[in-house]
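This report refers to the structure that appears directly beneath it.
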Amino acid sequence: MVSSNEYGSHTWDLMLTVDHQQVEKEISLQVTGDLHVGGLMLKLVEKIKIAQDWSDYAFWWEQKKCWLLKTHWTLDKYGVQADAKLIFTTQHKMLRLRLPNMKTVRLKVSFSSMVFRAVSDICKMLNIRRSEELSLLKQSEGTLKKKKKKDKNSKEPATEDVLNLCNSPVSSGLPANSGLYSKTMTPVYDPASGSPASSTITWFSDGSLAEQNCRILAFSHPTCSPEMLAEMYQPRTLADKAKLNAGWLDSSRSLMEQDVLEDDQLLLRFKYYTFFDLNPKYDAVRINQIYEQARWAILLEEIDCTEEEMLIFAALQAYHVSKLSLSSETQDSTCESEVDEVEAALSNLEVTLEGGNKSNILEDITDIPKLADNLKLVRPKKLALKAIKTYWFVFRDTSISYFKNKESAQGEPIEKLNLKGCEVVPDVNVAAKKFGIKLLIPVADGMNEVYLRCDNEDQYARWMAACVLASKGRTMADSSYQPEVQKILSFLQMKNWTTCSQAASEPENVDMKPECFVSPRYTKKFKSKQLTARILEAHQNVSQMSLVEAKLRFIQAWQSLPEFGLSYYVVRFKGSKKDDVLGVSYNRLIRIDMATGDPITTWRFSNMKQWNVNWEIRQVAIEFDQNVSIAFTCVGADCKIIHEYIGGYIFLSTRSKDHNETLDEELFHKLTGGQE
């Protein structure tokens, strides 16, 4: 038996801070080291003497920046001593999220769950499937400083601009209504207009998404003014683009651990550019938010595109998505027959990861096809001169061989180019009948540039599709070859507009501000009437599309841009004396010269053996096949972000339509968490 005096000597005072309006801030309790956290909660609640539900409360250890969530652990096991500052506070707190469509929602989010889980809960509230593609982003100081300089006289957005979802089940710390998210009970949308089908509108009224709120998230709204566009942060260099990606939160830690405070504003964005299993029937909100993220990336010049492409994007925005969105809000659902027709048309537009895994193996053919044709080979020479010569090209497996002429094709080729792991860049101007393919082929000392020039659209589409697949290690026998050809042809068709004399001659009769639909670079280059006329010309090829089809076309056109899916970071490679830019994509890493923007080397994830981080010196090290290894440190961002990007893309490549919608969260953290 232990005497009361001896027992008393083991007790000590612990000062606790209670985050509650009706309770005095600090309360002192006598505790022992073997008291478990659950017992400490019980003691504290008994002393507070307020009858309420305390289940959402937990202890936050301020000095260590960690939650004491394992209530069966003792204070000794956690290392809590008398000098510890423990705050008894709610785990779910208000957070403001800026969505890709620039709308702000305010909702309750778990500040104690890992960000990966918190994003999953947020997406359930917003009815966005495939939450693993999104994450939370803090705006970097560089972008905020520029905004503050420009916006010092402007006021904060009015409260009515914020969509308040704080009364939703998940926001309140309760489990989400599985009926809103399960695979069999996902709300059904009209595939033509994107509005909720009448049979599912009642589901929204009971949950966080009332019909009105759904429209805010699933529809595009009138674009911002040119003045507002000019005030927004626009990256000018690769280093500026790198600033945009520096603020991604760590998915393996909670919001509180990353210094996010109650009612702070974060950006909810698609982090991984692998939009898997997009389905207009279930993904109206998701499709619209992807479209909006693409639209703003183009308007703010976060991604480069040609003048021809910019006009296509403007036409899809100006006359289609904007006008149809406004009209859709006053229309009823389309009749059944029309829906069926649209669904059939959209089946070919479904965007999946790398073409998706096809269940029908018979689609693939055992005899690998080949392409053979006369193409022009363009080799850059000194003094800006180019040598252009026609050769007989043969594309077989993942390689291109070229010969002097067709007759000599039975012998040895002049050169054989292995395209596996190369960069494929389109060089197209439909109006000028220019159909070029730029190949950047990895060699020992960098990248070997080869330009191929095709004669027409059909030839270009076939060879371009073959090059794209070969760069990923696939042949033309792959079932995704024909869809890739059709995708390229449809994009070329959108570019190939003919001038409509009536539209071009009377642009002043059209109620539009073309400056709202193109990036500032083009508003400086053209007068307003010129832009209106050119957008009208481009619109001729997209005028027959439905609303959702126009958005999917926009997304596909965005995906066709050479820089699509690249997230930039400034890094210093081991052994190098200057900084370079590292581009991270869904299937490769690209080392880019910061001054010129030219790619230096490409490394494919498919050739990667392992990657790890030396947390002491914050250095990422990666090993590839054929004894190739690289190491680099990050400049202006945490190396954990790049480590998570690599692991995240590898995790996403394991998804399959055959599996159910539950994610292997443990595998995600194993691939992305790292060992600090």
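The values are calculated or read from the model by the stated rules, or taken from the named source; none is laboratory data. No experiment lies behind these values; they were computed from the predicted model shown. For neighbour counting, all protein chains shown are included, and Cβ atoms are generated from backbone atoms with ideal geometry for every residue, glycine included. Side chains are part of the model used for accessible areas, which takes the heavy atoms of the whole protein and leaves out ligands, DNA and RNA. Shrake-Rupley method; radii C 1.70, N 1.55, O 1.52, S 1.80 Å.
Against the criterion of being touching a Gly at 6+ places or on another chain (Cβ under 8 Å) and modelled with pLDDT under 90, Lys420 qualifies.
Among the conditions (1) assigned by the TED database to the domain that holds Ile27; (2) surrounded by 20 or more Cβ atoms within 10 Å (Cβ to Cβ); (3) among the basic types (Lys, Arg), Lys108 misses just one, which is (1). Among the residues of segment 528-548, those that are closer than 27 Å to Ala284 by Cβ and assigned to a helix (DSSP H, G or I) comprise Ile535, Ala538, His539, Leu547, Val548.
Every residue, every condition in (1) part of a loop (DSSP other than H, G, I, E, B); (2) of a type in the set (Asp, Glu); (3) buried (at least 21 other Cβ atoms within 10 Å of the Cβ), yes or no:
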site	(1), (2), (3)
Glu257	no, yes, no
Glu262	yes, yes, no
Arg286	no, no, yes
Gln289	no, no, yes
Ile298	no, no, yes
Glu308	no, yes, no
Gln317	no, no, yes
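Restricted to segment 643-676, and to residues there that are of a type in the set (Val, Ile, Thr) and modelled with pLDDT of 90 or more, the residue that is most open to solvent (accessible area, probe 1.4 Å) is Ile650.
Scanning segment 520-547 for residues being touching a Cys at 6+ places or on another chain (Cβ under 6 Å) and without any contact (Cβ under 8 Å) to a residue 40 or more places away in the chain gives a total of 0. Val23 meets the conditions (1) in a helix (DSSP H, G or I); (2) without any contact (Cβ under 8 Å) to a residue 40 or more places away in the chain in every case but one. The failed one is (1).
For the criterion of being at pLDDT below 95, within 21 Å of Glu449 (Cβ to Cβ) and of a type in the set (Asp, Glu), Asp638 fails. Does any residue of segment 484-493 turn out to be of a type outside the set (Asp, Glu), open to solvent by less than 30 Å² (accessible area, probe 1.4 Å) and at pLDDT below 80? No, because not a single residue in segment 484-493 is of a type outside the set (Asp, Glu), open to solvent by less than 30 Å² (accessible area, probe 1.4 Å) and at pLDDT below 80.
Evaluating Asp397 against the criteria (1) within 21 Å of Asn607 (Cβ to Cβ); (2) at pLDDT below 90 leaves one unmet condition, (2). Would segment 127-135 turn up any residue that is among the basic types (Lys, Arg), outside any loop (DSSP other than H, G, I, E, B) and open to solvent by 10 Å² or more (accessible area, probe 1.4 Å)? No, segment 127-135 has no match at all. All conditions in (1) over 37 Å from the mean Cα position of the chain (by Cα); (2) among the hydrophobic types (A, V, I, L, M, F, W, C); (3) part of a strand (DSSP E or B) hold for Ile87, with the sole exception of (1).
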